[in-house]
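Worksheet: the structure to be examined is printed underneath.
The values are calculated or read from the model by the stated rules, or taken from the named source; none is laboratory data. Because the structure is a prediction, the values reported are computed rather than measured. All Cβ positions, glycine included, derive from the backbone under ideal geometry; neighbour counts span all protein chains shown.
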Amino acid sequence: MGNEIRIDDLASPVLNDIQKMGIDYGETVHTELTVDAICEAAIAATGLSDFGPEDFRERLQVQLDSINADPDRTGLGRMLVFGDDLKYAVNRLRIRDLLKQHPEILDIEIEKPVIVIGLPRSGTTNLVNLLAADSRFRSMPLWESYEPVPDPGEETPADGVDPRWTRCQGQWESMQAGAPFIAAMHPMNPDHVHEENELMAPDFSNYNIEWVARVPEWRDYYLAQDQTPHYEYMKTVLQILQWYRPRERWVLKSPQHLEQIGPLMSVFPDATVVVTHRDPVAVVQSTITMLTYGARTAYKSTKPEWYRDYWTDRIGRLLDSSIRDRHLLPADRTVDVFFHEYMADEVGTLQRIYDAAGIEFTDEAKAEVAAYQDAHPRGKEGRVVYDLRGDFSITPEEVRTRYTNYMNTFPVQIEVK
(Lines give C-alpha, C1' and ligand atoms only; values in the text may rest on other atoms or scores of the structure.)
Protein backbone atom coordinates (compact mmCIF):
# COMPACT_ATOMS: atom_id res chain seq x y z
CA MET A 1 0.00 0.00 0.00
CA GLY A 2 1.35 3.41 -0.97
CA ASN A 3 1.81 6.35 1.33
CA GLU A 4 -0.47 9.31 1.84
CA ILE A 5 0.26 12.13 -0.61
CA ARG A 6 -0.41 15.75 0.33
CA ILE A 7 0.05 18.26 -2.50
CA ASP A 8 0.53 21.52 -0.64
CA ASP A 9 1.76 23.77 -3.45
CA LEU A 10 -1.29 23.91 -5.71
CA ALA A 11 -1.59 27.70 -5.68
CA SER A 12 2.16 28.41 -5.88
CA PRO A 13 3.80 25.37 -7.46
CA VAL A 14 7.34 24.37 -6.62
CA LEU A 15 8.51 22.99 -9.96
CA ASN A 16 10.95 20.13 -10.37
CA ASP A 17 13.82 20.32 -12.86
CA ILE A 18 11.97 18.43 -15.59
CA GLN A 19 8.96 20.74 -15.29
CA LYS A 20 11.20 23.81 -15.47
CA MET A 21 13.01 22.45 -18.53
CA GLY A 22 9.71 21.72 -20.28
CA ILE A 23 8.34 25.18 -19.63
CA ASP A 24 11.57 26.86 -20.70
CA TYR A 25 11.72 24.85 -23.90
CA GLY A 26 8.08 25.62 -24.69
CA GLU A 27 8.82 29.33 -24.60
CA THR A 28 11.42 28.95 -27.37
CA VAL A 29 8.96 27.30 -29.77
CA HIS A 30 6.34 29.09 -31.87
CA THR A 31 3.29 26.83 -32.06
CA GLU A 32 0.81 27.77 -34.74
CA LEU A 33 -2.54 26.65 -33.37
CA THR A 34 -4.62 26.82 -36.55
CA VAL A 35 -6.80 24.29 -38.30
CA ASP A 36 -4.68 24.52 -41.45
CA ALA A 37 -1.41 23.97 -39.59
CA ILE A 38 -2.76 20.87 -37.86
CA CYS A 39 -4.25 19.42 -41.05
CA GLU A 40 -1.10 20.11 -43.06
CA ALA A 41 1.03 18.39 -40.42
CA ALA A 42 -1.31 15.37 -40.45
CA ILE A 43 -1.11 15.13 -44.24
CA ALA A 44 2.68 15.31 -44.07
CA ALA A 45 2.79 12.60 -41.38
CA THR A 46 0.56 10.13 -43.22
CA GLY A 47 0.74 10.86 -46.95
CA LEU A 48 -3.07 10.91 -46.88
CA SER A 49 -5.28 13.90 -47.61
CA ASP A 50 -8.93 12.77 -47.43
CA PHE A 51 -10.36 13.90 -44.09
CA GLY A 52 -13.91 13.06 -45.09
CA PRO A 53 -16.67 15.53 -44.20
CA GLU A 54 -15.17 18.97 -43.58
CA ASP A 55 -17.57 19.98 -40.79
CA PHE A 56 -14.92 18.98 -38.23
CA ARG A 57 -12.99 22.13 -39.12
CA GLU A 58 -15.57 24.36 -37.43
CA ARG A 59 -15.43 22.34 -34.21
CA LEU A 60 -11.66 22.34 -34.16
CA GLN A 61 -11.66 26.08 -34.84
CA VAL A 62 -13.86 26.72 -31.79
CA GLN A 63 -11.45 24.76 -29.61
CA LEU A 64 -8.38 26.54 -30.96
CA ASP A 65 -9.98 29.97 -30.71
CA SER A 66 -10.56 29.36 -27.02
CA ILE A 67 -6.94 28.29 -26.48
CA ASN A 68 -5.50 31.15 -28.56
CA ALA A 69 -7.54 33.73 -26.65
CA ASP A 70 -5.99 32.70 -23.32
CA PRO A 71 -2.72 34.55 -22.60
CA ASP A 72 -2.14 32.40 -19.52
CA ARG A 73 -1.41 29.27 -21.57
CA THR A 74 2.29 28.44 -21.61
CA GLY A 75 4.27 27.64 -24.72
CA LEU A 76 4.50 24.06 -23.49
CA GLY A 77 0.74 24.02 -23.01
CA ARG A 78 0.25 25.16 -26.60
CA MET A 79 2.63 22.47 -27.83
CA LEU A 80 0.62 19.83 -25.97
CA VAL A 81 -2.63 20.97 -27.60
CA PHE A 82 -1.03 20.89 -31.04
CA GLY A 83 0.32 17.38 -30.37
CA ASP A 84 -3.08 16.09 -29.29
CA ASP A 85 -4.89 17.63 -32.25
CA LEU A 86 -2.28 16.36 -34.68
CA LYS A 87 -2.77 12.84 -33.30
CA TYR A 88 -6.53 13.15 -33.79
CA ALA A 89 -6.17 14.51 -37.32
CA VAL A 90 -3.80 11.66 -38.22
CA ASN A 91 -6.28 9.17 -36.79
CA ARG A 92 -9.08 10.76 -38.82
CA LEU A 93 -7.09 10.34 -42.03
CA ARG A 94 -6.24 6.71 -41.29
CA ILE A 95 -9.81 5.87 -40.24
CA ARG A 96 -11.13 7.35 -43.48
CA ASP A 97 -8.55 5.52 -45.58
CA LEU A 98 -9.18 2.15 -43.93
CA LEU A 99 -12.96 2.43 -44.42
CA LYS A 100 -12.45 3.17 -48.12
CA GLN A 101 -10.35 0.03 -48.43
CA HIS A 102 -12.65 -2.12 -46.29
CA PRO A 103 -16.24 -0.82 -46.44
CA GLU A 104 -17.43 -4.15 -45.03
CA ILE A 105 -16.30 -2.90 -41.60
CA LEU A 106 -19.45 -0.78 -41.48
CA ASP A 107 -21.55 -3.98 -41.50
CA ILE A 108 -20.05 -5.24 -38.23
CA GLU A 109 -22.54 -5.33 -35.35
CA ILE A 110 -21.76 -3.86 -31.94
CA GLU A 111 -24.27 -5.90 -29.98
CA LYS A 112 -25.46 -5.51 -26.39
CA PRO A 113 -22.52 -3.57 -24.97
CA VAL A 114 -22.19 -3.02 -21.23
CA ILE A 115 -21.66 0.71 -20.75
CA VAL A 116 -20.60 2.30 -17.46
CA ILE A 117 -21.70 5.90 -17.01
CA GLY A 118 -21.14 7.98 -13.91
CA LEU A 119 -19.22 10.89 -12.54
CA PRO A 120 -15.48 11.00 -13.03
CA ARG A 121 -13.65 9.77 -9.91
CA SER A 122 -16.75 7.76 -8.85
CA GLY A 123 -15.37 4.27 -9.41
CA THR A 124 -16.07 4.05 -13.15
CA THR A 125 -12.43 3.38 -14.03
CA ASN A 126 -11.99 0.64 -11.45
CA LEU A 127 -15.32 -0.93 -12.38
CA VAL A 128 -14.70 -1.03 -16.13
CA ASN A 129 -11.24 -2.50 -15.58
CA LEU A 130 -12.71 -5.24 -13.38
CA LEU A 131 -15.29 -6.05 -16.06
CA ALA A 132 -12.60 -5.99 -18.73
CA ALA A 133 -10.61 -8.57 -16.76
CA ASP A 134 -13.18 -11.10 -18.03
CA SER A 135 -11.54 -12.19 -21.29
CA ARG A 136 -14.93 -12.73 -22.94
CA PHE A 137 -15.40 -8.94 -23.06
CA ARG A 138 -13.87 -6.69 -25.69
CA SER A 139 -12.41 -3.59 -24.09
CA MET A 140 -10.17 -0.81 -25.31
CA PRO A 141 -6.77 -0.32 -23.70
CA LEU A 142 -5.31 3.16 -23.70
CA TRP A 143 -2.67 2.42 -26.35
CA GLU A 144 -5.35 1.28 -28.80
CA SER A 145 -7.56 4.30 -28.13
CA TYR A 146 -4.69 6.66 -28.93
CA GLU A 147 -4.06 5.04 -32.33
CA PRO A 148 -7.06 2.90 -33.33
CA VAL A 149 -5.71 2.35 -36.85
CA PRO A 150 -2.05 1.32 -36.98
CA ASP A 151 0.41 3.06 -39.25
CA PRO A 152 0.39 0.81 -42.35
CA GLY A 153 4.06 1.60 -42.97
CA GLU A 154 5.17 0.49 -39.51
CA GLU A 155 6.19 -3.10 -38.78
CA THR A 156 5.88 -4.85 -35.44
CA PRO A 157 9.40 -5.51 -34.12
CA ALA A 158 10.82 -8.97 -33.43
CA ASP A 159 9.74 -8.85 -29.78
CA GLY A 160 6.12 -8.78 -30.93
CA VAL A 161 5.25 -5.63 -28.97
CA ASP A 162 2.95 -3.33 -30.93
CA PRO A 163 4.80 -0.06 -31.59
CA ARG A 164 1.64 1.79 -30.55
CA TRP A 165 1.96 0.20 -27.09
CA THR A 166 5.61 1.22 -26.93
CA ARG A 167 4.77 4.83 -27.84
CA CYS A 168 2.02 4.93 -25.23
CA GLN A 169 4.40 3.58 -22.58
CA GLY A 170 6.89 6.31 -23.47
CA GLN A 171 4.19 8.95 -23.10
CA TRP A 172 3.19 7.51 -19.71
CA GLU A 173 6.79 7.65 -18.49
CA SER A 174 7.10 11.25 -19.67
CA MET A 175 3.81 12.15 -17.98
CA GLN A 176 4.99 10.71 -14.67
CA ALA A 177 8.28 12.59 -14.93
CA GLY A 178 6.42 15.84 -15.55
CA ALA A 179 3.67 15.18 -12.99
CA PRO A 180 4.98 12.68 -10.42
CA PHE A 181 1.74 12.31 -8.46
CA ILE A 182 -0.45 11.59 -11.47
CA ALA A 183 -0.22 7.81 -11.04
CA ALA A 184 -1.92 8.08 -7.66
CA MET A 185 -4.75 10.15 -9.10
CA HIS A 186 -5.38 8.80 -12.59
CA PRO A 187 -3.17 6.02 -13.99
CA MET A 188 -2.57 6.23 -17.74
CA ASN A 189 -0.44 3.18 -18.38
CA PRO A 190 -0.86 1.55 -21.83
CA ASP A 191 -2.96 -1.44 -20.75
CA HIS A 192 -5.35 0.65 -18.66
CA VAL A 193 -8.88 0.43 -20.13
CA HIS A 194 -9.74 3.86 -21.50
CA GLU A 195 -12.85 5.89 -22.30
CA GLU A 196 -14.41 5.56 -25.73
CA ASN A 197 -14.98 9.29 -26.09
CA GLU A 198 -11.32 9.20 -27.15
CA LEU A 199 -12.76 7.67 -30.33
CA MET A 200 -14.86 10.79 -30.94
CA ALA A 201 -11.73 12.93 -30.76
CA PRO A 202 -10.88 12.46 -34.48
CA ASP A 203 -14.30 14.01 -35.13
CA PHE A 204 -13.29 16.83 -32.74
CA SER A 205 -16.38 16.66 -30.59
CA ASN A 206 -16.31 15.51 -26.97
CA TYR A 207 -15.64 17.04 -23.57
CA ASN A 208 -12.03 15.81 -23.34
CA ILE A 209 -10.45 19.19 -23.98
CA GLU A 210 -12.15 20.53 -20.85
CA TRP A 211 -9.84 18.23 -18.87
CA VAL A 212 -6.66 19.73 -20.30
CA ALA A 213 -7.60 23.36 -20.95
CA ARG A 214 -9.74 26.21 -19.64
CA VAL A 215 -12.23 26.39 -22.48
CA PRO A 216 -15.71 27.42 -21.31
CA GLU A 217 -16.41 28.64 -24.86
CA TRP A 218 -15.99 25.10 -26.14
CA ARG A 219 -18.22 23.73 -23.37
CA ASP A 220 -21.03 26.07 -24.40
CA TYR A 221 -20.61 25.25 -28.09
CA TYR A 222 -20.42 21.50 -27.48
CA LEU A 223 -23.47 21.40 -25.22
CA ALA A 224 -25.51 23.34 -27.79
CA GLN A 225 -24.89 20.74 -30.52
CA ASP A 226 -26.61 17.39 -31.06
CA GLN A 227 -23.89 14.86 -30.32
CA THR A 228 -25.61 11.92 -32.02
CA PRO A 229 -23.46 12.14 -35.20
CA HIS A 230 -20.31 12.02 -33.07
CA TYR A 231 -21.57 9.01 -31.15
CA GLU A 232 -22.18 7.38 -34.52
CA TYR A 233 -18.59 8.21 -35.44
CA MET A 234 -17.41 6.62 -32.22
CA LYS A 235 -19.40 3.48 -33.03
CA THR A 236 -17.72 3.35 -36.44
CA VAL A 237 -14.30 3.34 -34.77
CA LEU A 238 -15.50 0.57 -32.44
CA GLN A 239 -16.42 -1.41 -35.56
CA ILE A 240 -12.85 -0.93 -36.78
CA LEU A 241 -11.44 -2.18 -33.48
CA GLN A 242 -13.86 -5.12 -33.57
CA TRP A 243 -12.65 -5.91 -37.10
CA TYR A 244 -9.05 -6.00 -35.95
CA ARG A 245 -9.68 -7.99 -32.76
CA PRO A 246 -13.16 -9.54 -32.48
CA ARG A 247 -15.00 -10.34 -29.27
CA GLU A 248 -18.64 -11.04 -28.52
CA ARG A 249 -19.50 -8.16 -26.16
CA TRP A 250 -17.97 -4.74 -25.57
CA VAL A 251 -17.52 -3.12 -22.18
CA LEU A 252 -17.33 0.68 -22.35
CA LYS A 253 -17.33 3.64 -20.00
CA SER A 254 -17.35 7.42 -19.94
CA PRO A 255 -18.64 10.10 -17.56
CA GLN A 256 -19.53 12.19 -20.63
CA HIS A 257 -22.43 9.82 -21.32
CA LEU A 258 -24.24 11.22 -18.26
CA GLU A 259 -25.15 14.31 -20.27
CA GLN A 260 -25.55 12.43 -23.57
CA ILE A 261 -27.94 9.63 -22.62
CA GLY A 262 -30.13 10.43 -25.65
CA PRO A 263 -27.35 10.03 -28.24
CA LEU A 264 -25.91 7.06 -26.32
CA MET A 265 -29.17 5.08 -26.35
CA SER A 266 -29.93 6.10 -29.93
CA VAL A 267 -26.63 4.60 -31.09
CA PHE A 268 -26.57 1.63 -28.66
CA PRO A 269 -30.27 0.82 -28.06
CA ASP A 270 -29.59 -2.70 -26.73
CA ALA A 271 -26.95 -1.65 -24.18
CA THR A 272 -26.91 -2.57 -20.51
CA VAL A 273 -26.13 0.67 -18.65
CA VAL A 274 -24.36 0.82 -15.30
CA VAL A 275 -24.81 4.16 -13.51
CA THR A 276 -22.31 4.87 -10.74
CA HIS A 277 -23.17 7.23 -7.88
CA ARG A 278 -20.95 8.96 -5.34
CA ASP A 279 -20.98 11.98 -3.06
CA PRO A 280 -20.37 14.78 -5.60
CA VAL A 281 -18.13 16.62 -3.14
CA ALA A 282 -15.71 13.68 -3.13
CA VAL A 283 -15.72 13.82 -6.92
CA VAL A 284 -15.16 17.58 -7.02
CA GLN A 285 -12.28 17.64 -4.55
CA SER A 286 -10.50 14.86 -6.42
CA THR A 287 -11.11 16.41 -9.84
CA ILE A 288 -10.04 19.95 -9.02
CA THR A 289 -6.97 18.82 -7.11
CA MET A 290 -5.84 16.72 -10.08
CA LEU A 291 -6.52 19.45 -12.64
CA THR A 292 -4.96 22.25 -10.59
CA TYR A 293 -1.91 20.05 -10.08
CA GLY A 294 -1.71 19.41 -13.84
CA ALA A 295 -2.00 23.11 -14.66
CA ARG A 296 1.45 23.93 -13.28
CA THR A 297 3.13 23.33 -16.65
CA ALA A 298 0.30 24.14 -19.07
CA TYR A 299 -0.51 27.52 -17.49
CA LYS A 300 1.45 30.43 -16.08
CA SER A 301 -0.85 30.49 -13.04
CA THR A 302 -2.73 27.51 -11.64
CA LYS A 303 -5.87 29.39 -10.47
CA PRO A 304 -7.28 26.86 -7.96
CA GLU A 305 -10.45 28.93 -7.55
CA TRP A 306 -11.10 28.77 -11.30
CA TYR A 307 -11.04 24.98 -11.24
CA ARG A 308 -13.17 24.99 -8.08
CA ASP A 309 -15.91 27.10 -9.64
CA TYR A 310 -15.81 25.58 -13.12
CA TRP A 311 -15.86 21.94 -12.06
CA THR A 312 -18.33 22.38 -9.21
CA ASP A 313 -20.71 23.63 -11.88
CA ARG A 314 -19.57 21.17 -14.57
CA ILE A 315 -20.22 18.18 -12.33
CA GLY A 316 -23.62 19.69 -11.56
CA ARG A 317 -24.43 19.95 -15.27
CA LEU A 318 -23.56 16.29 -15.77
CA LEU A 319 -25.79 15.26 -12.88
CA ASP A 320 -28.68 17.54 -13.87
CA SER A 321 -28.63 16.14 -17.41
CA SER A 322 -28.56 12.56 -16.14
CA ILE A 323 -31.65 13.18 -14.00
CA ARG A 324 -33.41 14.94 -16.89
CA ASP A 325 -32.78 12.03 -19.27
CA ARG A 326 -33.06 9.15 -16.81
CA HIS A 327 -36.32 8.00 -18.42
CA LEU A 328 -34.42 7.19 -21.62
CA LEU A 329 -32.48 4.39 -19.90
CA PRO A 330 -33.90 0.84 -20.23
CA ALA A 331 -35.46 -0.01 -16.87
CA ASP A 332 -34.64 -3.73 -17.09
CA ARG A 333 -31.05 -3.14 -18.24
CA THR A 334 -29.98 -0.32 -15.91
CA VAL A 335 -27.94 -1.02 -12.80
CA ASP A 336 -27.33 1.70 -10.18
CA VAL A 337 -24.03 1.29 -8.33
CA PHE A 338 -23.43 3.32 -5.19
CA PHE A 339 -19.78 3.93 -4.41
CA HIS A 340 -19.85 2.87 -0.76
CA GLU A 341 -21.67 -0.35 -1.62
CA TYR A 342 -19.30 -1.08 -4.49
CA MET A 343 -16.23 -0.57 -2.29
CA ALA A 344 -17.72 -2.98 0.26
CA ASP A 345 -18.60 -5.69 -2.27
CA GLU A 346 -17.01 -5.44 -5.70
CA VAL A 347 -17.84 -9.00 -6.74
CA GLY A 348 -21.46 -8.71 -5.63
CA THR A 349 -21.77 -5.55 -7.71
CA LEU A 350 -20.35 -7.36 -10.74
CA GLN A 351 -22.89 -10.15 -10.23
CA ARG A 352 -25.75 -7.66 -10.47
CA ILE A 353 -24.31 -6.25 -13.69
CA TYR A 354 -23.87 -9.69 -15.24
CA ASP A 355 -27.44 -10.59 -14.31
CA ALA A 356 -28.83 -7.45 -15.93
CA ALA A 357 -26.75 -8.04 -19.06
CA GLY A 358 -27.83 -11.67 -19.32
CA ILE A 359 -24.27 -13.00 -19.00
CA GLU A 360 -23.20 -15.86 -16.76
CA PHE A 361 -20.61 -14.80 -14.19
CA THR A 362 -18.59 -17.99 -14.58
CA ASP A 363 -15.95 -19.37 -12.25
CA GLU A 364 -13.35 -18.58 -14.91
CA ALA A 365 -14.51 -14.96 -15.10
CA LYS A 366 -14.43 -14.69 -11.29
CA ALA A 367 -10.86 -16.03 -11.30
CA GLU A 368 -9.82 -13.46 -13.91
CA VAL A 369 -11.39 -10.65 -11.87
CA ALA A 370 -9.68 -11.89 -8.69
CA ALA A 371 -6.33 -11.95 -10.49
CA TYR A 372 -6.84 -8.33 -11.56
CA GLN A 373 -7.76 -7.30 -8.01
CA ASP A 374 -4.63 -8.98 -6.63
CA ALA A 375 -2.43 -7.20 -9.18
CA HIS A 376 -4.07 -3.81 -8.62
CA PRO A 377 -4.64 -3.26 -4.87
CA ARG A 378 -6.29 0.00 -3.86
CA GLY A 379 -3.89 2.80 -3.12
CA LYS A 380 -0.97 0.98 -4.73
CA GLU A 381 0.53 4.25 -5.98
CA GLY A 382 -0.34 6.18 -2.82
CA ARG A 383 -3.45 7.94 -1.61
CA VAL A 384 -3.92 11.66 -2.17
CA VAL A 385 -5.18 13.62 0.83
CA TYR A 386 -7.53 16.46 -0.13
CA ASP A 387 -8.17 19.78 1.58
CA LEU A 388 -11.00 21.86 0.12
CA ARG A 389 -10.78 24.50 2.82
CA GLY A 390 -7.03 24.96 2.71
CA ASP A 391 -6.46 24.61 -1.05
CA PHE A 392 -9.68 25.98 -2.52
CA SER A 393 -11.10 28.29 0.17
CA ILE A 394 -14.47 26.54 0.32
CA THR A 395 -16.23 24.11 2.64
CA PRO A 396 -17.70 20.78 1.60
CA GLU A 397 -21.13 22.06 2.65
CA GLU A 398 -20.82 25.04 0.30
CA VAL A 399 -19.87 22.78 -2.62
CA ARG A 400 -22.71 20.36 -1.87
CA THR A 401 -25.39 23.03 -2.22
CA ARG A 402 -24.97 22.76 -6.02
CA TYR A 403 -26.17 19.16 -5.88
CA THR A 404 -29.34 19.35 -3.82
CA ASN A 405 -31.52 17.91 -6.58
CA TYR A 406 -29.18 14.98 -7.17
CA MET A 407 -28.76 14.25 -3.46
CA ASN A 408 -32.54 14.24 -3.05
CA THR A 409 -32.94 11.88 -6.01
CA PHE A 410 -30.28 9.27 -5.21
CA PRO A 411 -29.30 8.07 -1.71
CA VAL A 412 -25.56 8.63 -1.97
CA GLN A 413 -23.53 8.43 1.21
CA ILE A 414 -21.88 11.69 2.30
CA GLU A 415 -18.13 11.11 2.38
CA VAL A 416 -16.67 14.60 2.85
CA LYS A 417 -17.71 16.60 5.89
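Could you list, in sequence order, all residues of segment 15-57 that are β-branched (V, I, T) and at pLDDT 95 or above?
I23, T28, V29, T31, T34, V35, I38, I43, T46
Quick one: A158 ticks every box in (1) without any contact (Cβ under 8 Å) to a residue 40 or more places away in the chain; (2) small (G, A, S); (3) under 30 Å from T289 (Cβ atoms) except a single one, so which number is it?
(3)
Tell me which residues, restricted to segment 176-212, are touching a residue at least 60 places away in the same chain (Cβ under 8 Å), farther than 26 Å from P53 by Cα and not β-branched (V, I, T).
Those that are touching a residue at least 60 places away in the same chain (Cβ under 8 Å), farther than 26 Å from P53 by Cα and not β-branched (V, I, T): A177, G178, A179, P180, F181, A183, A184, M185, H186, P187, H192, W211.
I need the full set of residues from segment 35-50 which are assigned to a helix (DSSP H, G or I) and either small (G, A, S) or in contact with a Leu (Cβ under 8 Å, 6 or more places away or on another chain) (or both), in order please.
Of everything in segment 35-50, those that are assigned to a helix (DSSP H, G or I) and either small (G, A, S) or in contact with a Leu (Cβ under 8 Å, 6 or more places away or on another chain) (or both) turn out to be V35, A37, I38, A41, A42, I43, A44, A45, T46.
Search segment 189-227 for residues being assigned to a loop (DSSP other than H, G, I, E, B) and among the acidic types (D, E), and hand back the single one that is farthest from S174 (Cα to Cα).
Ranking the candidates gives D226 first.
Failed condition for S322, given (1) closer than 28 Å to Q260 by Cα; (2) of a type in the set (S, T, Y); (3) touching a Ser or Thr at 6+ places or on another chain (Cβ under 8 Å), with all others met?
It is condition (3) that S322 fails.
I'd like to know if segment 206-225 contains one or more residues that are within 28 Å of K303 (Cα to Cα) and polar (S, T, N, Q).
yes
Please go through segment 327-383 and give me each residue that is of a type in the set (A, V, I, L, M, F, W, C) and in a strand (DSSP E or B), ordered by number.
V335, V337, F338
From (1) of a type in the set (G, A, S); (2) at pLDDT 85 or above; (3) in contact with a strand residue (DSSP E or B) (Cβ under 7 Å, 6 or more places away or on another chain), pick out the condition that doesn't hold for A184.
A184 satisfies every listed condition except (2).
If you take the residues in segment 220-272 that are among the hydrophobic types (A, V, I, L, M, F, W, C) and surrounded by fewer than 17 Cβ atoms within 10 Å (Cβ to Cβ), which one is nearest to Q101 (Cα to Cα)?
Per the stated criteria, the residue is W243.
Can you pull out every residue in segment 317-326 that is part of a helix (DSSP H, G or I) and not β-branched (V, I, T)? Reasoning before the result, please.
First, pick out the residues of segment 317-326 that are part of a helix (DSSP H, G or I): 317-324, 326.
Once the filter is applied, which keeps residues that are part of a helix (DSSP H, G or I) and not β-branched (V, I, T), segment 317-326 yields R317, L318, L319, D320, S321, S322, R324, R326.
Quick one: is V384 touching a residue at least 40 places away in the same chain (Cβ under 8 Å) and either loosely packed, with under 12 Cβ neighbours inside 10 Å or not hydroxyl-bearing (S, T, Y) (or both)? Quick ask: steps written out before the conclusion?
Details: touching a residue at least 40 places away in the same chain (Cβ under 8 Å): yes; either loosely packed, with under 12 Cβ neighbours inside 10 Å or not hydroxyl-bearing (S, T, Y) (or both): yes.
Yes.
Any chance segment 294-307 includes a residue that's surrounded by fewer than 24 Cβ atoms within 10 Å (Cβ to Cβ), within 18 Å of the chain's Cα centre (by Cα), at pLDDT below 95 and closer than 20 Å to L119 by Cα?
Yes, there is a match, as at least one residue in segment 294-307 is surrounded by fewer than 24 Cβ atoms within 10 Å (Cβ to Cβ), within 18 Å of the chain's Cα centre (by Cα), at pLDDT below 95 and closer than 20 Å to L119 by Cα.
Being assigned to a helix (DSSP H, G or I), in contact (Cβ under 8 Å) with a residue 60 or more places away in the chain and over 18 Å from E111 (Cβ atoms) narrows it down to one of L264, L291, so name that one.
None of the other options fit; the residue is L291.
Working only within segment 346-381, note down all residues that are charged (D, E, K, R), in contact (Cβ under 8 Å) with a residue 40 or more places away in the chain and closer than 19 Å to V116 by Cα.
Passing the criteria: only E346.
Here is a list: D70, D85. Which entry is out of contact with any strand residue (DSSP E or B) (no Cβ under 6 Å at 6 or more places or on another chain), touching a residue at least 24 places away in the same chain (Cβ under 8 Å), more than 30 Å from R333 (Cβ to Cβ) and surrounded by 23 or more Cβ atoms within 10 Å (Cβ to Cβ)?
Working: D70 fails: surrounded by 23 or more Cβ atoms within 10 Å (Cβ to Cβ).
Only one candidate passes the filter, namely D85.
Just checking, which of F392, F361 is aromatic (F, W, Y) and closer than 22 Å to D309 by Cβ?
F392
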